[in-house]
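A.B. asks: Let me begin by handing over the structure; questions about it come next.
The values are calculated or read from the model by the stated rules, or taken from the named source; none is laboratory data. Just so it is clear, the structure is predicted and the values come from calculations on it, not from any experiment. Neighbour counts are summed over all protein chains in view; Cβ atoms, including those assigned to glycine, are modelled from backbone coordinates with ideal geometry.
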Amino acid sequence: MKILKAFVVSIFIILPFNLNIVLASSDDGETPQEFNVKGVAGGVSATVSDESAGQGAAVRGKIIQTGALEKIERDKYTLRKVQTRIEFYPADNTKFFLKTDGSAENLNDRVFLEVRGPKNKKAVLANAVYIYENRKVYEEMTDREAQPQKKSFQAPLLGTLKSRDPFMVVTDEDGKDFILCPDDDTIWVVNKPATRADMLAGDRLKLYFDKRLSIRYNNYPVKVIIDKSKSTF
């Protein structure tokens, strides 16, 4: 692997960017919008605060809130933010997803991969590898319009695992093959569907509220991402 790494690094020397670049993005490739909150039980406001203006708009008419799950009281859940709390009530149709630490052992020919790191026409140096059960789970968990443009060097490599021997090879959505080059610092995260039972006090959460429904009804999120991974990128 050390020989392969040296070979790939020599290829990257000719590229017009520094290999030490670490993409400035949050764990899901987006900057969650911070919104004013009307007290503990007042609901989610669609008004963007001045401090967060310019950090990114709500995605497809959704308001995004992040924080830690503080407590559970029957059907009422409390999200603790830096300076506020939000009470929310998952509904039967709320979708739940779980992020946990993984490794290269979680790779197989059925998973869908999102690889983040500098790449050229032949290889990608993997800063982080996000493993999804399949393409459908990726589409449901990820907001594609919040990702960098496909032609941008910051855009993640999306595809499936073609082979593991002698090298790990990923085939992207255009049918091109890339050698996947992880190292000891590569972050591996497994993403899969979950249930509300997977939410425990202390878990990091990302809540997606529909702007049309969050104020009108009982603050129920349309999607909840539960992040139990130790490392984020």
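A.B. asks: For the structure I just gave you, tell me whether residue 102 is under 16 Å from residue 225 (Cβ atoms), among the small types (Gly, Ala, Ser) and buried (at least 17 other Cβ atoms within 10 Å of the Cβ).
C.D. replies: yes
A.B. asks: Which of the residues belonging to segment 122-172 are aliphatic (A, V, I, L, M) and either modelled with pLDDT under 90 or under 30 Å from residue 94 (Cβ atoms) (or both)?
C.D. replies: 128, 129, 131, 137, 141, 146, 155, 158
A.B. asks: Tally the residues that are assigned to a loop (DSSP other than H, G, I, E, B) and of a type outside the set (A, V, I, L, M), restricting the search to segment 78-99.
C.D. replies: Summing the residues that are assigned to a loop (DSSP other than H, G, I, E, B) and of a type outside the set (A, V, I, L, M) in segment 78-99 gives 8.
A.B. asks: I'd like the residue in segment 54-86 that is modelled with pLDDT under 95, in contact with a Lys or Arg (Cβ under 8 Å, 6 or more places away or on another chain) and closer than 16 Å to residue 220 by Cβ and, out of all such residues, is surrounded by the fewest Cβ atoms within 10 Å (Cβ to Cβ).
C.D. replies: 61
A.B. asks: Among the residues of segment 32-40, are any farther than 22 Å from residue 142 by Cβ and either part of a strand (DSSP E or B) or at pLDDT 90 or above (or both)?
C.D. replies: Yes, that holds for at least one residue.
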